[in-house]
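Everything below concerns the one structure shown next.
The values are calculated or read from the model by the stated rules, or taken from the named source; none is laboratory data. All values derive from a computational prediction rather than experimental measurement. Positions of Cβ are backbone-derived with ideal geometry, glycine not excepted, and every protein chain shown enters the neighbour counts. The area values use the complete protein model at the heavy-atom level, side chains included, leaving out ligands, DNA and RNA. Shrake-Rupley method; radii C 1.70, N 1.55, O 1.52, S 1.80 Å.
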Amino acid sequence: MLTLDALRTNPGLLKLDLYCRGARLDDSCFIEEDGGRKILRTRAGLGSGLEVILPGNLWTNIPVSERFARRSPYSLHRERGLYVLRLDGEAVTTLALSPRPHWYDAATSTGKPMTRIGTLQGTYLGIYQAKVCEYWTQKPVKVNCKFCSVGLNLGIDDAEEKSVEEVMEVIRAARHESGITYVDFNTGHYEGDTYLDILEPFVLRIKKELGLLVGVQTPPHRDLKRYDHLREIGVNRVSFCFEIFDRRRFEEICPGKHAEYGLDHYLEAVRYCATLTDEGPSDEPWVTNGEIIAGLEPPESSIAAIDWITSVGAIPTVCVFRPLVGTDLEDWDPPATEPMIPVFRRLYEACMERGLPIGLAPNIHVSLVMLPEECRWLSPKRFRWQSAKLAVMKRVFGRMFERKLRRTEGPAAAGAA
Ligand code: SF4
């Protein structure tokens, strides 16, 4: 399946293959000079890499810094003003650099570089809020997740203290200039389960002043009733990263999560939150994500996780394992592409079979994962009836969202969506 022809004509397959194999940057590339985004260090344990847009408007983040990427068969070249991706020297496609907005070079009124408050991941704004995850500082032995880099780079790329005012300033800049529609907050674990208390003031301000979609990705609070409240105040997405469905692997790779919450509590939080769909404000959509990393357990275990998540009405977020520089797993290999294809095919098919609301939010392109709807490129099934229904829902939701933006931000707002 991984022929040059297939990679040239199937951007979903190309996106997946680039996650697994990375790319080398030829000396002819001038990413920042050509308006691209700086290759920042890792965010929230996920991705470093080069932000680009593939054919089919698939936004992605290509590994370029890791050891495996340095021996990749892919290389990126600047040729006559275009960026050309080559595989073993053969041209695969041209691609566009994800644009770097002006606010990337600006500072907040308190003097902090705006990119230390938040960065674009594709077309949404990602904010790692609050201090470093306490698994990294636990004594006598730290119990961080072994793939994670959060404790390595906090204080380098991310500001440690981020006030509500500073965060709002960056969100306004990103909204005004980059047309963002969605803000995603991410935290690690804090003693006393304080992460939701920390995030709520931010959510309330964004909802009141901008009306944007907001998501939170935190550990699963021990009091699940707290998610009823999040739903009430208009949060649109909750995401629980249990990473690995295989219990032994989970315990080995995520010792902090295992000791503090356990896999069962993660799963219960996913299940519970997925039942809250009909609660809360009717004009605020609500989705629950269970997040896993493919490549850290056998593909059949990832597929079992996808089937379980979708069976309770939640939507899987599936990352491809990236052995980030400096992490405990930096010497591991990323997964090979072929065994990943059935995993991501299943992601699409399971969501469609269950009639889950995928791909509805306006202007959201995610660079760090394959979105379920992008995985249609890996499936021979067409799901015509379900696709038509999703297209209608997308139009209805888009109109509703524009009206809401107009109400909160004023008439000039909706056009930017
Ligand atoms: S919970 Fe794990 S993945 Fe999340 S920030 Fe902490 S160590 Fe990293």
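Couple of notes before you dig in:
- Per residue, the chain exposes 40 Å² of accessible surface when a 1.4 Å probe is rolled over the protein heavy atoms with every protein chain present.
- Relative contact order (percent, whole number), the stretch 305-417, Cα cutoff 8 Å, 6+ residue spacing: 25 percent
- Look at the alpha carbon pairs under 8 Å that are at least 6 residues apart: their mean separation over the length of the stretch 6-142 gives a relative contact order of 21 percent.
- The chain: antiparallel DSSP beta bridges as a percent of all, rounded to 5: 45 percent
- In the chain, the DSSP-assigned H stretches of four residues or longer account for a calculated mean residue ellipticity at 222 nm of -10500 deg cm²/dmol, using -39500 (n - 2.57) per stretch and the full residue count as denominator.
- Between the alpha-carbon centres of the stretch 225-247 and the stretch 43-102 there is a gap of 32 Å.
- Sum of side-chain charges, Lys404 neighbourhood, beta-carbon under 13 Å (Lys, Arg +1; Asp, Glu -1): +1
- For the chain, the relative contact order is 16 percent, taking Cα pairs closer than 8 Å that sit 6 or more residues apart in sequence and dividing their mean separation by the residue count.
- C-alpha center-to-center spacing [the stretch 318-392, the stretch 190-208] in angstrom: 29 Å
- Bridging of Lys207 to aspartates and glutamates at a Cα separation below 18 Å is possible for Glu165, Glu166, Glu169, Asp184, Asp197, Asp228, Glu232, Glu279, Asp283, Glu284, Glu402, Glu409, once same-chain residues fewer than 8 apart are set aside.
- Point-to-point label distance, Thr275-Asp197, nm (Cα→Cβ direction, 7 Å offset): 2.7 nm
- For the stretch 334-417: rounded, prolate or oblate by the Cα gyration tensor [a/c cutoff 1.5]: oblate
- Förster-model FRET efficiency, 56 Å R0, Asp283 and Glu32, C-beta, rounded to 0.05: 0.90
- With the cut-off at under 15 Å, measuring from each backbone N in the stretch 284-319 to a point 7 Å along the Cα-to-Cβ line of Arg399 picks out no residue.
- For the stretch 28-106: rounded, prolate or oblate by the Cα gyration tensor [a/c cutoff 1.5]: oblate
- The stretch 43-188: C-alpha gyration tensor shape, a/c 1.5 cut-off, then a/b vs b/c: oblate
- Neighbourhood net charge (12 Å Cβ-Cβ; Lys/Arg +1, Asp/Glu -1) for Leu378: 0
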